[in-house]
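S.K.: One structure, as structure tokens, below. Some questions next.
The values are calculated or read from the model by the stated rules, or taken from the named source; none is laboratory data. Everything quoted here is computed from the prediction, not taken from an experiment. Reconstructed Cβ throughout: ideal geometry from the backbone, glycine too, with neighbour counts over all protein chains shown. Calculation scope for accessible area: heavy atoms of the full protein, side chains included, ligands and nucleic acids excluded. Shrake-Rupley method; radii C 1.70, N 1.55, O 1.52, S 1.80 Å.
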Amino acid sequence: MAKPEPSIDQWLKEAKADPKAAQCGMFLTHNGTVRVTPKAQVREGVEGLGDVAQVEFSYDAAGVDAAVADALTWPGVYYVRVWLNEGALDVGDSIMYVLIGADIRPNAIDALQKLVGKIKNDLVVEKEIYA
């Protein structure tokens, strides 16, 4: 069963109250969700798999913590927060939230892309279940 989702409004409020918030000129968020179209179809053009009904989702918590700590060493990054769901997720359920606070837009965008890529490519297991 999916975990309760965090409030991005609350996350932003807390991020802006952080001692390092004054260094941040941009906060950028990512909300990944379960989509009905199979990953192989979207990324590789594979047809005939059917619609995604659910995704079985798990992750390496220690690896995510290490990735967050690493992200805080990247150029211009001063704030990082990550939440990952787990279990059987339905279409439309959130898979993850990521919040990056950085000094300038290019650093925020680069950090968000790099961190989400690290999590998705190395630290999660997603098994699509088709209808």
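S.K.: From P38, P4, P19, which residue is closer than 17 Å to L84 by Cβ and not small (G, A, S)?
M.R.: P4
S.K.: Provide a single number: the residues in the stretch 40-61 that are out of contact with any Leu (no Cβ under 9 Å at 6 or more places or on another chain), of a type outside the set (V, I, T) and not in a strand (DSSP E or B).
M.R.: Summing the residues that are out of contact with any Leu (no Cβ under 9 Å at 6 or more places or on another chain), of a type outside the set (V, I, T) and not in a strand (DSSP E or B) in the stretch 40-61 gives 8.
S.K.: Can I ask one more? As an exercise: evaluate K13 against (1) open to solvent by less than 80 Å² (accessible area, probe 1.4 Å); (2) part of a helix (DSSP H, G or I); (3) farther than 23 Å from G92 by Cβ and give the number of the one condition it does not meet.
M.R.: Of everything listed in (1) open to solvent by less than 80 Å² (accessible area, probe 1.4 Å); (2) part of a helix (DSSP H, G or I); (3) farther than 23 Å from G92 by Cβ, K13 misses just condition (1).
S.K.: For the stretch 83-93, state whether one or more residues are crowded, with 16+ Cβ neighbours inside 10 Å, of a type outside the set (S, T, N, Q) and closer than 26 Å to A21 by Cα.
M.R.: Checked the stretch 83-93: at least one residue is crowded, with 16+ Cβ neighbours inside 10 Å, of a type outside the set (S, T, N, Q) and closer than 26 Å to A21 by Cα.
S.K.: Considering the stretch 23-68 alone, what residues qualify as being without any contact (Cβ under 8 Å) to a residue 60 or more places away in the chain and under 15 Å from the mean Cα position of the chain (by Cα)?
M.R.: R35, A61, V64, D65, A66, A67, V68
S.K.: Return a yes/no flag: does the stretch 73-82 have any residue that is out of contact with any strand residue (DSSP E or B) (no Cβ under 9 Å at 6 or more places or on another chain), modelled with pLDDT of 95 or more, open to solvent by 40 Å² or more (accessible area, probe 1.4 Å) and within 21 Å of K114 (Cα to Cα).
M.R.: Within the stretch 73-82 (the criterion being out of contact with any strand residue (DSSP E or B) (no Cβ under 9 Å at 6 or more places or on another chain), modelled with pLDDT of 95 or more, open to solvent by 40 Å² or more (accessible area, probe 1.4 Å) and within 21 Å of K114 (Cα to Cα)), the answer is yes, since at least one residue qualifies.
S.K.: Test of understanding: among K20, K13, K39, which residue is under 20 Å from E126 (Cβ atoms) and among the basic types (K, R)?
M.R.: Just a single option satisfies the conditions, and that option is K39.
S.K.: If you don't mind, there's one more thing I want to ask. Based on what the data block shows, is K20 under 18 Å from the mean Cα position of the chain (by Cα) and among the basic types (K, R)?
M.R.: On the way: under 18 Å from the mean Cα position of the chain (by Cα): no; among the basic types (K, R): yes.
Spelling it out, it is not the case that K20 is under 18 Å from the mean Cα position of the chain (by Cα) and among the basic types (K, R).
S.K.: Residue under question is P19, and the condition is that it be more than 25 Å from Y130 (Cβ to Cβ) and either open to solvent by 50 Å² or more (accessible area, probe 1.4 Å) or charged (D, E, K, R) (or both); does it hold?
M.R.: Answer is yes for this residue.
S.K.: If T29 satisfies every condition in (1) in a helix (DSSP H, G or I); (2) touching a helix residue (DSSP H, G or I) at 6+ places or on another chain (Cβ under 8 Å) but one, which is the exception?
M.R.: (1)
S.K.: Residues of the stretch 25-56 being surrounded by 13 or more Cβ atoms within 10 Å (Cβ to Cβ), more than 21 Å from K13 (Cβ to Cβ) and in contact with a Lys or Arg (Cβ under 8 Å, 6 or more places away or on another chain), which ones?
M.R.: Correct list: G32, V52, V55, E56.
S.K.: Failed condition for V98, given (1) in contact with a His (Cβ under 7 Å, 6 or more places away or on another chain); (2) open to solvent by 60 Å² or more (accessible area, probe 1.4 Å), with all others met?
M.R.: That leaves (2) as the condition not met.
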